[in-house]
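First the structure, in the form of structure tokens, and then the observations on it.
The values are calculated or read from the model by the stated rules, or taken from the named source; none is laboratory data. Nothing here was measured: the structure is a model prediction, and the numbers come from that model. Glycine also receives a Cβ, built like all others from the backbone with ideal geometry; neighbour counts cover every protein chain displayed. Only protein heavy atoms, including side chains, enter the accessible area calculation; ligands, DNA and RNA are left aside. Shrake-Rupley method; radii C 1.70, N 1.55, O 1.52, S 1.80 Å.
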Amino acid sequence: ISGTQTLNATYLPGVLSDISGKYEEFEWELIENNYENIQDKLKSGYFDIVIGPKRNISTEKLKEEIECIDFFQVPVNLYTAVDYLKDRDSITWTELEKEKVIMFDVRSYAHLKTYSGYDLQLKDIEISNNLSSTLARVEDKFASLISAIYVRKIIKAYDVREIAIVEPSIRLTICLYIKKQTAQQIPAELIELLTTSLREKVSRNVAIENVD
């Protein structure tokens, strides 16, 4: 099982703890991954399950093999040094065009544009593969981080604060990807336990919207 690096660093370890040992025929391992090429890695069997922001399944062939189960939405916010933009509780995407920002996934920017239907024009974007070093750089005012809100769980260790991004406010749909063949081998009760565990853990820190 794998997810985005923010989910891997926050909630998925606890989810694996909840499901481990429930069914003796399954053993679980959390694999670090940069969320690139996840669909191909699922197809090849490198992962059995991936959890993270919804992405369009890239080809018709993959659509025949991979299932995407939507289960909640979370907002996308900005994370800055505590004394940067300190008079602001929100910022618009237009204002962010002037800011240096960091994202965790090379596809995140294009995905946000598609998701929002808004012509985002961010000009200074860096892609990072390391959560802790990114938050340290935000703390030092090197740049601000655009991330789904579940990063909130770990920013307490840094001098970093959260600012709402508005006009538009964007909510990411978090989904579970699984090969249809794999889904036939895993009890539905186990998948339900996994998704329920993640919902409960995220909702302790974040206001989520369930997706039916």
- Query: Assuming D83 fulfils every condition listed in (1) closer than 25 Å to G52 by Cα; (2) open to solvent by 30 Å² or more (accessible area, probe 1.4 Å) apart from one, which condition is it?
  - Reply: (1)
- Note on the structure: The correct count of residues that are over 20 Å from the mean Cα position of the chain (by Cα) and open to solvent by 70 Å² or more (accessible area, probe 1.4 Å) in the stretch 166-183 is 3
- For the stretch 138-165 the number of residues that are touching a strand residue (DSSP E or B) at 6+ places or on another chain (Cβ under 8 Å) and open to solvent by less than 70 Å² (accessible area, probe 1.4 Å) is 18
- Report whether or not T94 is touching an Asp or Glu at 6+ places or on another chain (Cβ under 8 Å), in contact (Cβ under 8 Å) with a residue 40 or more places away in the chain, open to solvent by 50 Å² or more (accessible area, probe 1.4 Å) and of a type in the set (S, T, N, Q). yes
- Query: Can you name the residue in the stretch 189-212 that is among the basic types (K, R) and in contact (Cβ under 8 Å) with a residue 40 or more places away in the chain and, of all such residues, is surrounded by the most Cβ atoms within 10 Å (Cβ to Cβ)?
  - Reply: K201
- Does Y177 meet the test of being modelled with pLDDT under 85 and either of a type in the set (F, W, Y) or part of a helix (DSSP H, G or I) (or both)? no
- Conditions (1) in contact with a His (Cβ under 8 Å, 6 or more places away or on another chain); (2) in a helix (DSSP H, G or I): number failed by K41: (1)
- Out of P13, P75, report the one residue that is open to solvent by 20 Å² or more (accessible area, probe 1.4 Å), modelled with pLDDT of 80 or more and assigned to a strand (DSSP E or B). P75
- Message: Can you confirm whether I186 is open to solvent by less than 60 Å² (accessible area, probe 1.4 Å), within 30 Å of D40 (Cα to Cα) and in a loop (DSSP other than H, G, I, E, B)?
- Response: yes
